[in-house]
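To start, the structure under review is shown below, and the notes come after it.
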There are 2 protein chains.
Amino acid sequence: MVTMSDVAKEADVSRATASYALRGDTRIAEKTRTKVLAAAKRLNYSANLSARSLRSGRNGVIGVAIFELDKPYPSQMSAAISREINAHGMQAIIQQTMNSREDEVSILRRVTSQLCDGTIFSPGNVSNEEMKALTHGKPIVLLDDPSVRPVFDSVMTASREGARTAVAHLLAQGCHRIGVVGSDLAILDEPSMKNSVAARRLSGCLEALEEGKRTLSPDSFIGLEPWDEDSARSLAHSLAAQGDFPFDGVFCITDSMALGMIRGLHECGISVPRDVAVIGFDGINESASYIPSLTTISTDREDLAHKAVSILLDDLNQPDGRTKPRRQTARFRLDVRESTMLGR
Amino acid sequence: MVTMSDVAKEADVSRATASYALRGDTRIAEKTRTKVLAAAKRLNYSANLSARSLRSGRNGVIGVAIFELDKPYPSQMSAAISREINAHGMQAIIQQTMNSREDEVSILRRVTSQLCDGTIFSPGNVSNEEMKALTHGKPIVLLDDPSVRPVFDSVMTASREGARTAVAHLLAQGCHRIGVVGSDLAILDEPSMKNSVAARRLSGCLEALEEGKRTLSPDSFIGLEPWDEDSARSLAHSLAAQGDFPFDGVFCITDSMALGMIRGLHECGISVPRDVAVIGFDGINESASYIPSLTTISTDREDLAHKAVSILLDDLNQPDGRTKPRRQTARFRLDVRESTMLGR
DNA sequence: TTGAAAGCGATACCAT
DNA sequence: ATGGTATCGCTTTCAA
């Protein structure tokens, strides 16, 4: 293990000078700097991140913590964030929270707050207070923070506007009986859930229905747990089993659920889009190549990653700088594909 | 930031005693230990991983480095490994190599060899010698190591046996004109590629064809780069454009390519499985719910993760213990689904 | 069984 | 512009 002392010795300078030179501090003479860099290169030196982190509290590593990595949306999102971090010359390390409180706490208190300069975190089961305590003041940017009263910076998906666009699209395609899959309306009565992803998507749906002058029937909103393919697939079976399928257009509030829904309908002999139009939300890669390809509200992952990383780097550069948390929203796009091309 | 000195003070013992007590060293009296643990709990203490790592070279963090995290196979594989690591009470951090030499080197030399106790690595563009130099002797387990002369421990997917099973299945389904998508036969003539995933899968195909007494036509083996959905989709188009589709059964050496192939065929009006049977390799989650669902050689990810982590932990516990690299192979299973159910 | 003190490899203050 | 040195928080001899 070659250390900075070795480099200093090789370059015939002090450790302090070597340290400054390697980091490009301006007060070191250009000639000295070149000499040190050459020595470091010769010895194939690379700084010890633990030591650096211990002493200075910084090591150029950013943590990304997100729920299941084997699900398309979180894995594609974390991949995009990781690329963006790399583009800024820093290293990204990704961890899965498994949507478990225990894992979230352990990630924040151990790895994140000790090995990383900052964190991009998709919160699930920890409160703002706990996060405050666990991160020891290190910068953190939340993804889709559901807080009613935000404490941390965050980047949101355009849930309300996106959902509104989705339902408006179904209406424009001529759907009359629209179903929404993911959550029931009760969530809107729960003040603490006001900013949850589910509530924001639902309220977008209501807006679109209102604009389209449609009366809303509470049982068109179907809660589902968990938000995954299998749940949606089962739901398709139970809806189909009731006789006539109750909807001619379905908005599933995540793409995974939409694909599960299509698959379930297929198993029941109901064809998308011939019999029912289906639209999703997220824009996972799989949606483009499914059969039928899925119309979806596609979150611009590069934009989201860019915004999250920018905010984090900004926090990193002005410690204790700001008091008011920033909240930005990622761009989205309606990707019209086969699943909503009703044969009329 | 509460440190061990704080805990020691609170418990009225020395720092050394606190350190031993917290780690459960047996020479500390049970009573003292309880006292220290209580103090730590009271102060909500948690050890600084950088400091621990700097001093002892160990911090309970395992690195996992794999290519694109937004592709189903690597993301699902790393999720499984991460879970397995957590099950052993350690933390996993995941990084993407992006299949780029530069990223691989930077991950190994910086994060992995400095912040982690050991690494599970999916090699792409670095040689064994480089890895030896970059990891500074820290344990490493490779995934699908292509080395002809292995230097590190590794866990392999059952490429040869799996591919053989896949082609045998197509034969059993009555296919007469079998195509293999992923690599052409030239790779088998390249000694250095002998143990590559492509070569091993191809040789499995040849075995099955031989057993089935089929003559092999070199142009039934089609190289593709990169191994992804889009490439396979394009290939389907160009094959279909030649007039009669040349195959009645296609083995794509990854599931992603198989799904792309099915989608491409669909776009050309060729139906799977009615017109062509398609089988994949990997067992990604998406294969089960595609329309049609995909028959595949499914690598047992839990088994692979278990084997990789076991080997790594073993290495960790007996430093410089062994000289001969171990090479294990993960279990696999043929999952027969709709895509090979020929309507005959 | 416990404690004192050295040291892991860097950084950053303070001198020079 | 450069160097000496204390220090980050922890582990680990070595003594007591």
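The values are calculated or read from the model by the stated rules, or taken from the named source; none is laboratory data. Given the structure is predicted, the values throughout are model-derived calculations rather than measurements. We place every Cβ from the backbone using ideal geometry, glycine too, and count neighbours over all the protein chains shown.
Taking the range A:213-239 as the range and being closer than 19 Å to A:HIS176 by Cβ, surrounded by fewer than 18 Cβ atoms within 10 Å (Cβ to Cβ) and either free of Cβ contacts under 8 Å to residues at least 12 places away in the same chain or aliphatic (A, V, I, L, M) (or both) as the test, the residues that pass are A:LYS213, A:THR215, A:LEU216, A:SER217, A:ASP219. Taking the range A:43-57 as the range and being within 9 Å of another protein chain (Cβ to nearest Cβ) and either away from DNA strand D (no atom under 16 Å from the Cβ) or farther than 13 Å from B:LEU49 by Cα (or both) as the test, the residues that pass are A:ASN44, A:SER46, A:ALA47, A:ASN48. Can you confirm whether A:GLN91 is closer than 18 Å to B:ALA65 by Cα, touching a Leu at 6+ places or on another chain (Cβ under 7 Å) and not assigned by TED's automatic domain parsing to the domain that holds A:VAL2? So A:GLN91 fails the test.
This table checks each residue for (1) touching a Pro at 6+ places or on another chain (Cβ under 8 Å); (2) closer than 24 Å to B:ALA288 by Cβ.
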| site | (1), (2) |
| --- | --- |
| A:SER293 | no, yes |
| A:GLU302 | no, no |
| A:ASP315 | yes, no |
| A:PHE332 | no, no |
| A:ARG337 | yes, yes |
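Among residues of the range B:1-29 that are within 14 Å of B:ALA47 (Cβ to Cβ), those with a Cβ under 8 angstrom from a residue that is near DNA strand C (Cβ under 6 Å from one of its atoms) and of a type outside the set (Ser, Thr, Tyr), sequence gap 6+ or separate chain, pair up as B:MET4/B:ARG15; B:SER5/B:ARG15; B:ALA8/B:ARG15; B:TYR20/B:ARG27; B:TYR20/B:ILE28; B:ALA21/B:VAL13; B:ALA21/B:ILE28.
Residues in the range A:111-128: is at least one farther than 22 Å from B:SER53 by Cβ and within 8 Å of chain B (Cβ to nearest Cβ)? Steps first, please.
Of the residues in the range A:111-128, the ones farther than 22 Å from B:SER53 by Cβ are A:120-128.
The next check asks that each one be within 8 Å of chain B (Cβ to nearest Cβ); those that pass are none.
Looking through the range A:111-128, none of the residues is farther than 22 Å from B:SER53 by Cβ and within 8 Å of chain B (Cβ to nearest Cβ).
Being within 16 Å of DNA strand D (Cβ to nearest atom) and among the small types (Gly, Ala, Ser): is that true of A:SER78 here? It is false that A:SER78 is within 16 Å of DNA strand D (Cβ to nearest atom) and among the small types (Gly, Ala, Ser). The criterion of at least 2 residues that are away from chain A (no Cβ under 12 Å) is met by the following helices (runs of 4 or more DSSP H) wholly inside the range B:248-344: B:301-317. Scanning the range A:30-42 for residues that are buried (at least 16 other Cβ atoms within 10 Å of the Cβ) and more than 8 Å from DNA strand D (Cβ to nearest atom) yields a count of 5. Condition first: free of Cβ contacts under 8 Å to residues at least 40 places away in the same chain and among the polar types (S, T, N, Q). Can you find one or more residues in the range A:132-153 that meet it? There is at least one residue in the range A:132-153 that is free of Cβ contacts under 8 Å to residues at least 40 places away in the same chain and among the polar types (S, T, N, Q).
Give the residue that is nearest to the other protein chains (Cβ to nearest Cβ), with candidates limited to residues of the range A:7-19 that are more than 7 Å from DNA strand C (Cβ to nearest atom) and over 12 Å from A:ALA38 (Cα atoms). Ranking the candidates gives A:LYS9 first. In the set (1) away from chain A (no Cβ under 14 Å); (2) in contact with a Cys (Cβ under 6 Å, 6 or more places away or on another chain); (3) under 30 Å from B:ALA80 (Cβ atoms), B:ALA240 fails one condition alone, (3).
Among the residues of the range A:75-88, those identified as surrounded by fewer than 24 Cβ atoms within 10 Å (Cβ to Cβ) and facing chain B (nearest Cβ under 10 Å) are A:GLN76, A:ALA80, A:ARG83, A:ASN86.
Of all the listed residues (B:GLU130, B:GLU161, B:GLU104), the sole one being touching a strand residue (DSSP E or B) at 6+ places or on another chain (Cβ under 8 Å) and surrounded by fewer than 22 Cβ atoms within 10 Å (Cβ to Cβ) is B:GLU161. If the condition is being within 8 Å of chain B (Cβ to nearest Cβ) and of a type in the set (A, V, I, L, M, F, W, C), then the range A:58-74 contributes A:VAL61, A:LEU69. The set of residues in the range B:187-212 being more than 24 Å from B:VAL151 (Cα to Cα) and free of Cβ contacts under 8 Å to residues at least 24 places away in the same chain consists of B:LEU206, B:GLU210. The set of residues in the range B:20-43 that are charged (D, E, K, R), away from DNA strand C (no atom under 11 Å from the Cβ) and outside any helix (DSSP H, G or I) contains only B:ARG23.
If we scan the range B:76-96, do we find a residue that is in contact with a Phe, Trp or Tyr (Cβ under 9 Å, 6 or more places away or on another chain) and either closer than 21 Å to B:LEU49 by Cα or free of Cβ contacts under 8 Å to residues at least 40 places away in the same chain (or both)?
Looking through the range B:76-96, at least one residue is in contact with a Phe, Trp or Tyr (Cβ under 9 Å, 6 or more places away or on another chain) and either closer than 21 Å to B:LEU49 by Cα or free of Cβ contacts under 8 Å to residues at least 40 places away in the same chain (or both).
Checking each residue in the range A:4-29 for being surrounded by fewer than 15 Cβ atoms within 10 Å (Cβ to Cβ) and within 8 Å of DNA strand D (Cβ to nearest atom) picks out A:ASP12, A:SER14, A:ARG15, A:ALA16, A:ASP25, A:THR26, A:ARG27, A:ALA29.
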